[in-house]
Structure formats: structure tokens, C-alpha cells
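Below you'll find the structure, written out as C-alpha cells, and then a few comments.
The values are calculated or read from the model by the stated rules, or taken from the named source; none is laboratory data. Computed from a predicted structure; not experimentally measured. All Cβ positions, even for glycine, are placed from backbone atoms using ideal geometry, and neighbour counts span all protein chains on display. Heads up: the accessible areas ignore ligands, DNA and RNA and are worked out on the full protein's heavy atoms, side chains in. Shrake-Rupley method; radii C 1.70, N 1.55, O 1.52, S 1.80 Å.
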Amino acid sequence: WKSGPACPRVPWLRPIAPSECAAATQAMGGFSAQFPNCSAVSVCEFCEGDGELGTSTTENNCGRNDVYQVTNGSCPTLPPITAVTSAPTVVPVLCPNLIPIPSWDCGEASAEVGGLDSATPNCVDASPCSYCEGDSECGTSATLNNCPPNHDVYYKSGPGCELAPWLRPIPASECAVAAQVLGGLTSLSPNCSAVGQCRYCEGDGELGTSLTLNNCGTHDVYRTTADNGCPTFPPVLAPSASPTVTPVLCPDLVAISPSECAAAEREMGGFTDASPNCNQVAPCHYCEGDSECNTTQRLNNCAERFDIYFKTGPTCLRPPSTSTTPCTNSTAGSTGRSNSTTPSSNMDGLATAAIVLVVSILFGVIATMAWKKHHSVGEVREGQQPKSRNPHFDNPLNQGEPLNNGE
């Protein structure tokens with residue numbers, strides 16, 4: 001065959017009509033980059049034109065594909081496959097996006113699926129926007145074990161539910177608190193895939209976060225949640241004409257003794273790397289020190305490697321296990337001592353005063369008797385008759401005998 005400007009293509013190739021594309025796709029097993037070249041097929045077969053034998057690379061008769069058929073004039077005609085028009089069918093997307101969940105979201109996942117067990121749907125069968133069990137399908141791991149005892153739990157996102165359920169964008173009123181906790185909102189703020197529960201983070205597209213949220217100026221700030229809820233910080237008030245008090249997130253932190261670790265572990269739901277730090281808990285709760293507010297990561301006072309503190313407040317100056325009576329005097333300080341006078345202290349004072357009084361009286365009596373004795377002895381030595389206690393006997397006439405001055 002001698003081609004020319006008006007006949008560049010060989011006569012045994014014909015571009016198929018768009019209506020034949022569905023049948024050709026079915027006959028070819030689908031279009032792909034490995035579809036046969038038109039110089040390497042037999043009669044009545046379909047092929048992809050890439051410029052060989054005068055085919056065009058811009059035919060685009062089946063989408064972006066340039067599909068031809070080798071013909072000899074007697075090839076069977078494939079019936080067109082008509083589309084269903086009664087109701088649109090939705091082709092299920094088996095694995096649009098699967099996100100392994102953090103351990104602190106396992107309670108929420110279990111509540112949604114009615115318990116994590118062998119009946120939990122796998123990630124192929126699960127509907128979008130739900131939790132599922134990974135069984136190695138769609139790249140999941142059968143040894144993830146992120147939820148006890150040994151479940152591999154993922155969140156299957158979908159249209160309208162791209163954001164991981166353990167993340168929430170914070171309102172603008174919370175931005176000042178987030179900035180205070182993070183030490184400022186900067187490009188170095190932690191990514192949301194690298195923080196624990198109840199932490200603030202910067203969204204960079206991970207876990208369904210948005211790059212254009214801009215809820216805190218030009219920053220896209222989120223906070224992770226927890227099964228048992230996160231403490232709520234009071235808003236940081238903007239300066240005004242009257243002085244305002246900026247809330248202190250860490251007014252006083254007391255390193256607990258090892259004997260208190262059991263109580264702390266019960267309240268915190270166990271000691272883990274995701275335990276809230278002392279910036280994140282409300283007053284009157286236990287927390288894990290991560291160098292914030294002068295805490296140390298080398299305290300290791302609980303379970304050999306955790307640094308546990310008690311965050312005090314106006315109504316809880318000491319941890320519950322060491323407090324005896326409530327502090328009612330603000331001058332008592334962090335020691336919990338009260339300067340108020342109690343009934344027992346009043347009784348002790350009265351008893352002391354009574355003893356002092358009795359001793360004083362006895363001392364006075366003894367001193368008086370000693371003085372009188374000394375005075376009587378002095379009179380005898382001087383040759384004088386001691387005076388009688390009764391003036392009647394001081395007169396010799398009343399005694400019936402003369403006065404003997406020598407006696």
C-alpha cells in the first residue's frame with residue numbers, strides 16, 4: 001500500500017465509532033498502556049493507534065484513547081452496550097482513604113460499630129465515613145493492633161467526611177489559648193499527625209485537614225479529642241481599659257509521691273505516652289510533665305519512667321491523697337496549714353493560764369509564811385515577847401499571873 005497526503009492510513013484499519021467503545025473495551029479487557037499496537041494485531045481485532053500504519057495520536061474517539069479495528073470487510077459487528085437509564089448506579093469506591101486510628105479513639109470506634117470483635121466489617125465492606133477492621137485488604141495491616149486486645153482499626157473517609165473524627169477545627173475565640181499553649185503559632189507548630197490527645201496542632205493537609213481553613217489568622221489550627229473529653233481552658237481576654245487577669249495555666253504543680261501513683265493512674269486512665277501534659281489539664285487533676293511550667297522529664301516518680309504532677313487550684317492546694325482538712329485561710333499557703341483559731345487551741349490556752357495562776361498563789365502563800373516565821377524569830381532574839389494572835393492574852397492581868405519577860 002502506497003500512502004499519500006490524502007490517504008495516510010492503511011485501508012485495513014478503521015477508527016471505531018464512539019458508540020462501539022464500550023463493546024471494544026469489553027472485548028479488549030479494558031484500556032491500558034499495554035494495549036496492543038495496531039501493527040501487531042490480527043484481522044477483526046482492536047488496537048491502540050500510536051502513529052503506526054498512518055494511525056493518529058489525536059483521534060481520541062474513546063476518551064483519550066485512539067482505538068482502531070483491523071477489518072477485511074467481513075468482521076462481525078459488536079452490538080453497542082447501552083447504558084442503564086432507569087436509575088444511576090454508584091460504583092463503590094472500595095478504599096478511598098484509610099486512616100489508622102490512634103489508641104485514644106478506640107472507645108469511639110467501638111461504640112459506633114457496636115463493639116470491636118470478629119463481626120466488625122472489614123475496610124472493603126464498610127461504608128465511607130465509618131470505622132472498619134483491617135484484614136490486609138487495600139494496604140491495611142493485620143498486625144497493627146492499635147485497639148485492644150489485637151484489633152487493626154481504620155477510619156474510612158469519604159466525600160463530606162474527609163477529616164479524621166478525632167480532630168476538630170478550633171473556633172477563633174480559642175486561638176489565643178492555642179497560641180499560649182504552643183508558645184506561639186508559627187510554621188514550626190506541630191503537625192496534626194504527630195500529636196497526642198487533647199493537643200493543638202497545625203493542619204497541613206494530613207488526616208483530612210485543610211490548607212485554607214485560616215481560622216487563626218493565616219494558620220489552620222485543630223485540636224485532637226479524647227474518648228473521655230478534654231479540659232476546657234478559659235478564653236484569654238484581650239487587653240481593655242480596665243486591667244484583666246490572664247489565666248494561669250500552671251499556677252502550682254506538685255510532684256506526687258510514689259504512694260499516690262495508683263490514684264493518679266486511675267484518674268488518668270493509665271500512664272501512656274499520650275497522657276495529657278500539665279498545660280492541658282484543668283486545676284485539681286493529675287498530669288504528665290513534659291518540661292512545661294518548669295516540670296522535668298527526669299522525675300520518673302511513677303511506673304519508673306513517667307513524671308506525674310498534681311495541678312493545684314484555689315480549692316485543691318494539695319493532692320487528694322495527702323489533704324486532711326480543707327484550707328480556709330488564704331494565708332495558709334501551699335502547705336495547707338490554717339492560721340484560724342480552733343476550739344482545742346482555746347482550751348489548751350485556758351489550761352495553761354490556770355496552771356500559772358495556781359503556781360503563783362502557792363508561791364505567794366509560801367513566801368508569806370516564810371516571812372512571818374523569820375519575823376517572829378527576830379523578836380525572840382531581841383528579848384521581846386512575841387505578840388499573841390489574840391490581843392486578850394497580851395495583857396498579863398487577863399492571864400492571872402505576872403508577865404515573865406524571860407520566857
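Computed values, structure above
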quantity	calculated
Fully extended contour minus Cα-Cα distance, from residue 27 to residue 367, at 0.36 nm per residue	109.0 nm
DSSP bridge pairs, region 141-238: antiparallel proportion in percent, nearest 5	90 percent
Shape of region 125-170, Cα gyration tensor, a/c cut at 1.5	oblate
Alpha carbon centroid spacing (whole Å) that separates region 35-75 from region 205-233	53 Å
Pairwise FRET efficiency - residue 352 versus residue 228, Cβ, R0 = 45 Å, nearest 0.05	0.25
All aspartates and glutamates inside 16 Å of residue 2 as judged from Cα atoms, apart from same-chain residues fewer than 8 positions distant	52
Which of 371, 104 is most accessible, then next, and so on - probe 1.4 Å	371, 104
With all protein chains modelled, accessible area of residue 157 [1.4 Å, Å²]	10 Å²
Rounded accessible area of residue 52 (nearest 10 Å², 1.4 Å probe)	30 Å²
Net charge, residue 169 excluded, C-beta distance under 9 Å - Lys, Arg +1, Asp, Glu -1	+1
Other-chain or far-sequence residues with amide H under 5 Å of residue 158's (modelled H)	129
